[in-house]
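The values are calculated or read from the model by the stated rules, or taken from the named source; none is laboratory data. All figures in this text were calculated on a predicted structure; none of them were measured in a lab. With ideal geometry, Cβ positions are generated from the backbone for all residues, glycine too; neighbour counts draw on all protein chains shown. Remember, those area values only see protein heavy atoms, side chains included, never the ligands or the DNA or RNA. Shrake-Rupley method; radii C 1.70, N 1.55, O 1.52, S 1.80 Å.
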Amino acid sequence: MPEYEPKILAFLCNWCSYAGADLAGVSRFQYPPNVRIVRVMCSGRISPRFVLKSFQEGADGVLIAGCHPGDCHYSKGNYYTRRRLTVLGKLLEHVGVDPRRFKVKWISASEGGKFADVIKEMTENVKGLGPQRSFKRVDDDE
Amino acid sequence: MSKIEDEIRGIAKKLLEEGKVKYFTGYAKGPDSFRARPIIIDDPKDVDKLIWSPCCVNNLGVYLVDEMKKKPKRGEEPDTRPVGIVTKACDARGITVLHQENILPKERVYVIGIPCRGMADPEKLEKHARKKGLGHDAIYNMDIKEEKMMFTGEAEGVKVAFPREEVLLDKCKECVHHNPREYDIVIGKRIENPHVDKYATIRELEDMSLEEREKFWEMIFERCIRCNACKEVCPMCYCEECTVEKAKPMRWCSKSADKSNNEFFHLIRAMHLVGRCIDCGECERVCPMAIPLRKLYRKMAKEAEKLYSYEAGLNPEEDPVFATFRVDDDDEFE
Amino acid sequence: MSEEKKVGAVLVVGGGIAGMQSSLDLAESGFKVYLLERSPCIGGVMAQLDKTFPTNDCAMCIMAPKLVATGRHPNIELITNTEIENLEGEPGNFKVTLAKHPRRVSAEKCTGCGVCAQECPVEAVNEFNEDLLPRSAVHINYPQAVPLTFIIDKTACIGCGICEKMCKANAIEYDQAEEEQDIYVGSIILALGFDEFNPEIKKEYGYGIYPNVVSSIEFERLLSATGPTGGMVLRPSDYDIPKKVAFIQCVGSRDQQCDKSYCSAVCCMYSIKEAIIAKEHTEGLDCHIFYMDIRTYGKEFEDYYNRAQDEYKIGFTRSRPASIREDPKTRNLIISYIENSEPKEEEFDMVILSVGIDAPKDAVRLSEKLGIELNEHNFAATKKFFPLSTSKEGIFVCGAFSSPKDIPDTVAQASAAASKASAMVSTERGTMITKREIIPEKDVRLEGPRIGVFICHCGINIGGVVRVPEVVEYARTLPNVAYAEHNLYTCSQDTQEKIKEKVKEQNLNRVIVASCTPRTHEPLFQATVSEAGLNPYLFEMANIRDQCSWVHMHEPDSATEKAKDLVRMAVAKARLLEPLKMATLGINRSALVIGGGISGMTAALGFAKQGYKAYLVEKTLELGGNLRHLRYSGTQEDPQKELASLIKLVEENENIEIFKSAEILSIEGYVGNFKSRILSENMEHEIEHGVVVVATGALEYEPTEYMYGKDGRIITQLELEQLLAEDKINPKNVIMIQCVGSRGEKVPYCSRICCTTAIKNALQIKEHEPDAKVYVLYRDIRTYGFREDFYDKALEEGITFLRFDVDSKPKVEVASGRLKVTVKEPLIDENIDFNPDFVVLSVAQVPDPNNEDLSKSLKVPLSKDGFFLEAHMKLRPVDFATEGVFLCGSAHSPKFIDESISQAEAVVSRACTILSKDYLEAEGVISIVNSDICSGCETCILVCPFDAIDKDDKGKAKVNELLCKGCGACVAACRAGAIQQRCFTDEQILSVIRSAFQEVST
């Protein structure tokens, strides 16, 4: 049996964090291949449903990244995200989800190094926690 | 007959006689003495059916939402007169949220607000009565009244007293907003708001470890049968079709009851109630599986208050908690 | 001007933020642009910056979209690595000869993959990183560079030929030669920017000798996440984390010794910024700034300065250090300085020299070639009322090349210069631009998805790690995939042809390219798909290079699996893609300008010159605004004469309709289609217009301090100016008090213009009466830029400047009929008494209280100080977030005449990007409401950053497609799921999420 490799789904805003992830590539910063990236235009688009759905479908960790507060391409999208996801984080913790499985980070277009570090850290943490089972959908009825 | 009950009837009669309201929603005697039931009356002759007692547990706000969704029949002029309604302080806060969210225009409702010390839990009453050796029949004929710190009733000529603290609904024990803020008319005296732990219901959970909490909720979420009673009774669940369960354009969450789908459903519902749930407790009351839903919603309320100093239904002028922000909001995300 | 035919093209010289802004405005307004850049790529100094003040925005984050937009605009021709050789012809029709230096890499073939640079054995001086880290001989300046074409540095190249061998695109062309090119343009904009002062000249600071003395721009690179230390502040001698650093201000500014008498205008702010960022990056770092005057004169700058002191505990010492020496053991630096007349020394781990702004090195050579005049400091000479014009007709200037300035002022001027440059050739609008070819689109709505997947090797960039053929095989097994293949370079021209061919041959109706990042390449492939007759939104990308092969270089197995996942996720989305039709709407080509001061009149005239109608609304009986009260400009110009000629031009222009004693009753509508009601001289008018300009100006603060209003000899600067001009007084002894209102509790910001105004009037008094005594009591003298020359002149003329502390403000009394002013001199710590003839108060500029109403009716925000708040402090200084509404002059924040004129012209340029269009087209990625589901709770209306959502008559939310920018915030906010974002629908994202976790089944 091979070593357990966690799966992390990351939702990144187009303007800062996705650009930061690209920069990690351009700079050849290496990070574990456990993350799959979904691009959205703004972190303001992230609904709690995306997070829960990811867990339900089998994500061991979910990362959301957007522009630093104040840097939003759409001026204020990430401020709404910050409120909504802060509360979502509290809710997940309240129902027993380890907070290391759900992360929100502000990553700018010039923070390729930070992006790589975030993925490294999160992969390591989630690996330590083992597979996320509590949320996972068993059936496949749809 | 209590003075408040008297006044309710008086107001309802006047409103109906003058045609100022389309109809009037209040409470009537229920199937037994421990329960009141909602009633809608449109004839001034019927106002004597209206009652006021510690058994008026239901949040009637949900009927207002139904009223707003009614579509006039083809060719008929819609009757846009307000609906009269009896509200406790918590129900009134619910109406404030509906105002805030433009679901219920102020001119479509006539609110009778009643300061409220809390309502009695019918099950606790029943249990208490049983302890005193009162049979089912006897109980049926009781008439619950509030006197100082007791609820009292008469059964077969004997006065029975129930200590308030023992029979109050749990949510009422944790309530700190006894007085309605928005109303057209208020009946009864202002009540001093108590200093109680409004988040008492979640303290125990908060003290648990992550694993213990996970286990706790696993058990809870597993038993939900997705009967939708919680949604149906909630005035805040006013969507045409439940966004989580609707099939088109795609279904976020299967309607079939299993732990994963149930948890998805309940957590999204909890997110949707942030800054909106006014803790009327109706969802928990109607849940056939005794799911402690307040333990989700109160946690959300606590966070909204702690993080954003926001409490549901206190200020109709305020923007909803997720529809606004402050640049210096708490930021744990780095 | 000659009768020769004019040319609808403009040459923009300099590809920094100014050149990009000018180019984008012009290109969007219907003109062809040649953007000339001396270096191999555009971006300028801003690309080197880490953060920007006062918002601490990430410079690259906010600039990158402009870089990309400039690089891909069909009307902009980028000509890099090239200089001007010669100029002939007339304004309206110039012939410019360009000298193109060899790049030695073919721009057509280079894909920017970077393999060459990785293999290059040379270590050369890295100018971009200020030589803090070496680079290869074949290189690009920075990862986001535009154009993304590598260049071989001939001086460093050893000719080993490795790059040529490694380049699969065969782009290396060692023997490229110098080339000449002639272009024809109607006008020219010089956006040369600036060069940094070389601090080696100031030997006493030991720059170049002591390793731990660095320049501010080097320090900026150290702070940057893309810099040589990845954002860690490390001192160069031992790469140790410093504990205590000092900034020395005015290195190469305000310094006659090194022939830089002027103030560089930006150093105070950037040093405060660098100190703040350094403290954020380094725990416990002690930052200290040695300064002469702190010049935080701009919008929200003073607040930044206050926060630096109060929150960040940055130390400020008013002293210009005499010298720096090094402790040879620790390599620490000892700064010698004088504070309060006492010599002192202090040791630091690192010293940052806040270097000033020099005229661009190219200035003299270019001025000779072009025949424009330079001023005494070698910057382009301009006039107060014509801040954008050089001495030669048809050649305009913007940004730091006309005087040192910060980014927002530069960007405003860049737009302004575009307005001036295009006004010259406005008749030729649209004659030289690339017209979009309309290709009939195939209707695919009834067909099932047939997806073509094109997977890129990117030379060895992807193929060297990911087993591309295996991914292709896998792609073929995925549902709805009708075709899959791999390409060496999917972005090459021949592959574009191949994609088009395959779309037809295989009857494809969705296309996926798995290669690099959509951020740079999506538009290219969308264009290809479009040419193949498919709606461009039927395209999707999988990023298997930047986010896969490049970051998992040593894990080919995992990278291949990941690439399969990414392709599968792209397929999951592509299956659900739908063709999008963009809404279009006609435009009313006229502007409503609110406010008839210098800004409003300049804007109105600007619109008229562009051929558009302007409605100018003035609330008083007369045009002119605050300028009506100005009698001296401090330069040759007579403000009243200039004003009179401007009013004449405005009143006589047929394209301008003026409403005096007017009031706006209502403004309704949105970009392109506004409708307003105006009450003017008791008549109500209804007008329709496409844009709105707010130019309502500012007011003078009415002081309650210093006994103002209690004695006729205590007056404001404006009153002094009137009295002097009308020869009513001849004062012999005058005290001027600065910062009356400003920088205090009532008006927390600096009013920007009062220091210069005071000096201007002080000099005027001296002119009237050379023996007069004038004392200026001040806190910091803020004569930024070339205004410093005024200050020098004032000192020469014997005007006395006395500083006071904010805690011990001067006292004004009337004792036995005489004025008495007492001020505590901080250096000697003693009170000094004066008995002046006049006390002149330099009062603050305050926002108009009516701003609040106007802001509500226009749905635009105000700053906390009560001025109008622009869309973005740095890069959109005259735009509001609400499209079609603009802002200029003192309504934005206090301003000088030249600055107001620049902003007003900028507004014209920005608005022309709308007014010049045949019709407005909405973006593709926008939100749409399903009104059957909408409950009308209005949450979406509250969260929309662009006021793009409204309610329809049934009480349901309705998105104005032309205002929606497609952020999707409303979608996430809608509990009912009644709003969807095109291209990012819930269904599409859900499908992607699901597919991410399906096991790979090969």
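Give the average over all directions of the projected area of the C-alpha convex hull of the range B:200-308, one decimal, in nm².
7.2 nm²
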Problem set entry | Calculated FRET efficiency for the pair B:D137/C:A527, C-beta based, R₀ 60 Å, to 0.05 | 0.10
Problem set entry | B:K13, C:K573, reordered so the largest accessible area comes first (probe 1.4 Å) | B:K13, C:K573
For this session: For the range B:200-308, please report how many Lys pairs fall under 27 Å Cα to Cα, leaving out neighbours fewer than 8 apart on the same chain.
Result: 26
Seminar exercise, completed: Rounded to the nearest 10 Å², the accessible area of B:D328 using a 1.4 Å probe with every protein chain kept is 120 Å²
Exercise. How well do other chains shield peptide C:978-989, expressed as the mean number of their Cβ atoms within 10 Å of each residue Cβ?
Worked result: 4
Exercise. When you look at the Cβ of every residue in B:257-268, what mean number of other chain Cβ atoms sits within 10 Å?
Worked result: 5
For this session: Ignoring everything but the protein chains, give the 1.4 Å probe accessible area of C:V45 in square angstrom, nearest 10.
Result: 40 Å²
For this session: Take the alpha carbon atoms of the range C:863-928, find their center, do the same for the range C:91-125, and report the distance between the two centers in whole angstrom.
Result: 35 Å
Exercise. Amide H neighbours of C:V122 under 5 Å, counting only residues 5+ apart in sequence or on other chains, H built in-plane at 1.01 Å?
Worked result: C:A137
Exercise. Ignoring ligands and nucleic acids, what accessible area does B:M149 show with a 1.4 Å probe (Å², nearest 10)?
Worked result: 110 Å²
Problem set entry | Heavy-atom accessible area, 1.4 Å probe, ligands and nucleic acids excluded: residues of the range B:290-334 down by at least 50 Å² from chain alone | B:Y308, B:F322, B:A323, B:F325, B:D331, B:F333, B:E334
For this session: Pull up all non-local amide H partners of C:D286: gap of 5 or more, or a different chain, and H-to-H distance under 5 Å with H placed in the peptide plane.
Result: C:K244, C:V245
For this session: Can you list which of the trypsin sites (Lys or Arg not before Pro) found in the range C:673-771 are DSSP loop residues with at most 11 other C-beta atoms within 10 Å?
Result: C:K710, C:K728
For this session: Report the one residue of C:A124, C:S645, C:L858 whose Cα lies farthest in the direction of the positive end of the charge dipole of chain C (charges on C-beta: Lys and Arg +1, Asp and Glu -1; origin at the Cα centre).
Result: C:L858
Seminar exercise, completed: Label model pair B:E107, C:N730: point-to-point distance (7 angstrom along the Cα→beta-carbon line) in nm is 7.3 nm
For this session: Highest first, please rank the peptides C:678-687, C:585-594 by the mean number of other Cβ atoms sitting within 10 Å of their residues.
Result: C:585-594, C:678-687
Seminar exercise, completed: With all protein chains present, the protein assembly as shown has a carbon and sulfur share of its accessible area (1.4 Å probe) in percent of 48 percent
For this session: Please list, in chain and number order, the residues 5+ apart from C:A484 or on another chain whose amide H is under 5 Å from its amide H, with Hs placed from the backbone.
Result: C:V453
For this session: Sort C:E345, C:E108 by accessible area with a 1.4 Å probe, largest first.
Result: C:E108, C:E345
For this session: Quote the total accessible area buried by chains C and A together, excluding ligands, DNA and RNA, probe 1.4 Å, nearest 100 Å².
Result: 4600 Å²
For this session: Quick one: check the C-alpha center-to-center distance for the range C:736-780 versus the range C:34-88, whole angstrom.
Result: 39 Å
Exercise. Can you tell me the accessible area per residue over the range B:122-167, all protein chains present, probe 1.4 angstrom, in square angstrom?
Worked result: 65 Å²
For this session: Putting +1 on Lys and Arg Cβ atoms and -1 on Asp and Glu Cβ atoms, find which of C:T330, C:C268, C:I289 reaches farthest to the positive end of the dipole of the range C:255-345.
Result: C:T330
For this session: Go through B:32-39, C:561-568, C:614-621 and give me the packing order, highest mean Cβ count within 10 Å leading.
Result: C:561-568, C:614-621, B:32-39
Seminar exercise, completed: Quick calc, the range B:105-193, dipole around Cα centre from Cβ unit charges on Lys, Arg (+) and Asp, Glu (-), nearest 20 debye, gives 220 debye
For this session: In whole angstrom, note down how far apart the Cα centers of the range A:78-142 and the range B:11-59 are.
Result: 50 Å
Problem set entry | Whole-Hz couplings from phi, Karplus 6.51/-1.76/1.60, listed for the range C:326-337; x for Gly and Pro | 10, 7, x, 6, 8, 6, 6, 10, 10, 9, 9, 8
Exercise. Equivalent-ellipsoid semi-axes (√(5λ), Cα gyration tensor) for the range B:120-210, whole Å, largest first?
Worked result: 29, 22, 10
Seminar exercise, completed: For the pair B and A, the solvent-accessible area buried on both sides (1.4 Å probe; DNA, RNA and ligands excluded), in Å² to the nearest hundred, is 4000 Å²
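Could you calculate the contour length gain from C:L649 to C:E622, that is, 0.36 nm times the residue separation minus the distance between their Cα atoms, to one decimal place in nm?
Using 0.36 nm per residue and subtracting the Cα-Cα distance, I get 8.3 nm.
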For this session: Please sort through the DSSP H helices of chain C and keep those with an alpha-carbon extent of at least 30 Å along the long axis and a Kyte-Doolittle average not below 1.6.
Result: none
Seminar exercise, completed: Expected integer from the mean partner chain Cβ neighbour count at 10 Å over C:517-527 is 2
For this session: Pop the C-beta distance of C:E85 and C:N56 into the FRET formula with R0 = 51 Å and round what comes out to the nearest 0.05.
Result: 0.75
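Calculate the translational D of chain C in whole µm² s⁻¹ from Stokes-Einstein, where the hydrodynamic radius comes from the Kirkwood formula applied to all Cα pairs, the temperature is 20 °C and the viscosity 1.002 mPa s. Walk me through the intermediate numbers first.
On the way: Rh = 31.0 Å.
My calculation gives 69 µm²/s for D.
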For this session: Hey, could you get me the Stokes-Einstein D for the protein assembly as shown, Kirkwood radius over alpha-carbon pairs, 4 °C and 1.567 mPa s, rounded to whole µm² s⁻¹?
Result: 36 µm²/s
Problem set entry | Shape of chain B, Cα gyration tensor, a/c cut at 1.5 | oblate
For this session: With a 1.4 Å probe and all protein chains in place, put B:R74, C:R318, C:R445 in order of accessible area, largest first.
Result: B:R74, C:R445, C:R318
Problem set entry | Whole-Hz couplings from phi, Karplus 6.51/-1.76/1.60, listed for the range B:263-276; x for Gly and Pro | 5, 3, 4, 6, 6, 5, 4, 4, 5, 6, 9, 5, x, 10
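Take each of the peptides C:521-534, C:82-95, C:135-148, average the number of other beta-carbon atoms within 10 Å over its residues, and list them starting from the highest.
Peptide ranking by packing, descending: C:135-148, C:521-534, C:82-95.
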